[in-house]
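One structure is given below, encoded as structure tokens.
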């Protein structure tokens, strides 16, 4: 294991890229060690070009380094909008040519190599690093023109995939090969790929009439455009609210000082990004401030026309499902998940809601009583109910007053650099891996804060892949926490993954980034997704073969969250940023006692979000924005016991429903039940840092990817079929 150096947190004043051309020839040759040219590389304007100079030779050399140097990610990064546009056009053209070649194979001459094999390799697949080079930067590049070009490339690839799934000639060749003796003798991975490819063609509607097929293609393309516009609205929102320091009481001096704008009469500038809204929602004792922030985020003033886009998107998906013979988009989606059908999901959610409802009511009453007491102490009006902007604050107040958990004090024990280093150490020990950080200046990145790691198997020494970490918020960057599987494993290279987060940055006064414990859990969780992507074995591409079912994909990461609640792990993860001490035992024990406080009411919120998702994608979805508003107003209090504020609608920011999670959000609860079972049955009993169990988890759960039946993999790992008993028992919902 390596000792990880602290990352650069600030970008030096940029120099003209032309000034660094002398370094270009030395980077790839290794004549100049990284320590000598790293500062020059960081000083280059690697993305905000001066407008006169083209990208420097240094920049170009680093961006293309992955083509020839296996020690860096294999992505040949593109540096200008015109390059992205040209490469995307070339990939789409090459994809069409590849499909033409497959379609021209005589039906009696099909082989794995000339038919199926060509469907899981470049050009237009996740195994093609150039695809990532074209489209990924839409999520994180500081230059809006590059983000726009990358977004257009993503749309072009989505349209190309739709076109590919509609190729009847290719489908006929795959179907012909599937009927051969050669196919019947394939190994399990290749055989699964053939089945998945056939299913993708058939679910794309190749049995439809020519007119219906054309309509389906048009609808799929339109849905992709609608989702893209929705995402761009989320990423580009620049809403700002201004509050006086007295209106942010409880948020802490540092929070106020860092957001103070002397040019606006001493007001603090608050955005709708997580580092601003979460501290306000949990710490600000001024109810009116919490209300304004909550309603700004879900009201009609932000995120453009997103509610109309949701209405349009669900209408499109309903028509798609109807064309394909399903009565709803929810049924179409659930039928290919681990659940197997919408009926199974409906039963799961109904059963879970009935089991947690009583405990949820008890949670609600405790918080409401605390609010009443707090209002009396502060001489403010008690309105007799929990509002949407109350639950986070009073949950946090309960933790402080009854359990002695003060998140603002606790975060001093979680400086980001230490959390990152220790998290990576734990994953290496548990899964038998070695992470080696690449030195600054030896790889290209879109921002100076980005870090990159090489991953190898500790026993064999073989390279598995790479991952990037991009952890702090900035304008134009993806606004949540997510993992992007940039490149999937192929015969010629390993997988490449990237974590984009919006964790609290270092303070202006030089204090390091300090994480709330919830941030630590988020980082641990998201990194679990990186491990899933890197540890999956076999060749993957854009078909569902390479993907775990959406309702299972969260389970491995949710299972690994448990490590953030273990005494021996918390003692490793924590180190006070000034004293170097780990969490005091009394604080640690208070945190552990409080782990499942209000878990029932929080579970009801997750059930509500799942129901909302499935309902808007159901048999009779709302027809317009007003219908969506009526639905939210009805479902939220019915399930969560908390009224929806007038005119507020979280669908404006519920990005999951406008990407691959549509009709799949229930997967978080589904996966949480499975994750609790895995942890309690194996790790809790046999040791959370037991390398034997860790390797079995890697090989039995992570390595298979989406092959075969996930339930079979879990049954093998657990020694029995999965159950919800561990979830209910561990959360104290039943005993």
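Bear in mind these aren't lab numbers, they're just calculated from the coordinates by the rules spelled out. Here the structure is a predicted model, which means the values were calculated and not measured. Cβ sites come from the backbone with ideal geometry, for glycine too, and all protein chains shown count toward neighbours.
For a quick size check, give me the Cα extents of the range 620-735 along its three principal axes, largest first, whole Å.
54, 35, 24
Indicate the gyration tensor shape class of the range 207-276 (rounded, prolate or oblate), computed on the Cα atoms with a ≥ b ≥ c the square roots of the eigenvalues: a/c under 1.5 is rounded; otherwise a/b larger than b/c is prolate and the rest oblate.
Verdict is prolate for the range 207-276.
According to the square roots a ≥ b ≥ c of the eigenvalues of the Cα gyration tensor, what is the shape class of the range 152-290, taking rounded for a/c under 1.5, prolate for a/b larger than b/c otherwise, and oblate for the remainder?
Prolate, because a/c is 1.5 or more and a/b exceeds b/c.
Please work out the FRET efficiency for the pair residue 703 and residue 402, using the Cβ-Cβ distance as r and a Förster radius of 30 Å; give the result to the nearest 0.05.
My answer for the efficiency is 0.10.
Principal axes first, then extents: for the Cα atoms of the range 533-647, list largest minus smallest coordinate on each axis, whole Å, largest first.
Projected onto the principal axes, the Cα atoms of the range 533-647 cover 57, 46, 24 Å.
Under a point spin-label approximation (7 Å from Cα along Cα-to-Cβ), what is the residue 456-residue 69 distance to one decimal in nm?
For the pair residue 456/residue 69, the computed spacing is 1.6 nm.
Checking the a/c ratio against 1.5 first, then a/b against b/c, what shape does the Cα gyration tensor give for the range 238-284?
It is oblate, given that a/c is not under 1.5 and a/b is not larger than b/c.
Using alpha-carbon pairs under 8 Å, 6+ residues apart, how would you state the relative contact order of the chain in percent?
16 percent.
Assuming 0.36 nm per residue, please report the length gained on full extension of the stretch residue 191 to residue 327 beyond their Cα-Cα distance.
Difference between extended and current length: 45.9 nm.
Suppose each label sits 7 Å from its Cα in the direction of the beta carbon; what would the residue 630-residue 209 distance come out to in nanometres?
3.3 nm
Arrange the following residues from fewest to most other Cβ atoms within 10 Å of their Cβ: 446, 565.
565, 446
Once you wrap a convex hull around the alpha carbon atoms of the range 257-406, what is its projected area averaged over all directions, in nm²?
13.7 nm²
Once each part is reduced to its C-alpha centroid, what is the distance from the range 621-698 to the range 175-191 in angstrom?
Cα centres, the range 621-698 to the range 175-191: 37 Å.
Assuming R0 = 22 Å, what is the FRET efficiency of residue 253 and residue 387, from their Cβ-Cβ distance, to the nearest 0.05?
Approximately 0.20, to the nearest 0.05.
Can you check what the Kirkwood hydrodynamic radius comes to for the range 312-367, Cα pairs only, in Å to one decimal?
Kirkwood radius, the range 312-367: 13.3 Å.
List the relative contact order of the range 81-233 as a percent without decimals, with contacts defined as Cα pairs under 8 Å and 6+ residues apart.
Reported as a whole number, the value is 27 percent.
Tell me, rounded to the nearest percent, the portion of alpha carbon pairs in the range 428-576 spaced more than 26 Å apart.
29 percent
Kirkwood Rh, Cα Rg: Rg to Rh for the chain?
Rounded to two decimals, Rg/Rh equals 0.95.
With runs of 4+ DSSP H residues as the only contributors, calculate the mean residue ellipticity of the chain at 222 nm using -39,500 (n - 2.57) per run, divided by the residue total and rounded to the nearest 500.
-15500 deg cm²/dmol
For the range 238-284, what relative contact order do you get, as a whole percent, if you take Cα pairs closer than 8 Å and at least 6 residues apart?
The value is 46 percent.
Return the distance in nm (one decimal) between the two label points of a simple spin-label model at residue 93 and residue 236, each offset 7 Å from Cα along Cα→Cβ.
2.9 nm
In the calculated pair distance distribution of the range 81-233, what percentage of Cα-Cα distances lie above 19 Å?
So the pairs more than 19 Å apart make up 58 percent of the total in the range 81-233.
If packing is taken as the average number of other Cβ atoms within 10 Å across a peptide's residues, how do 79-90, 376-387 rank, most packed first?
Answer by packing, highest mean first, reads 79-90, 376-387.
Relative to the compact globular guide of 2.2 N^0.38 Å, what is the alpha carbon radius of gyration of the range 93-145, as a ratio?
1.55
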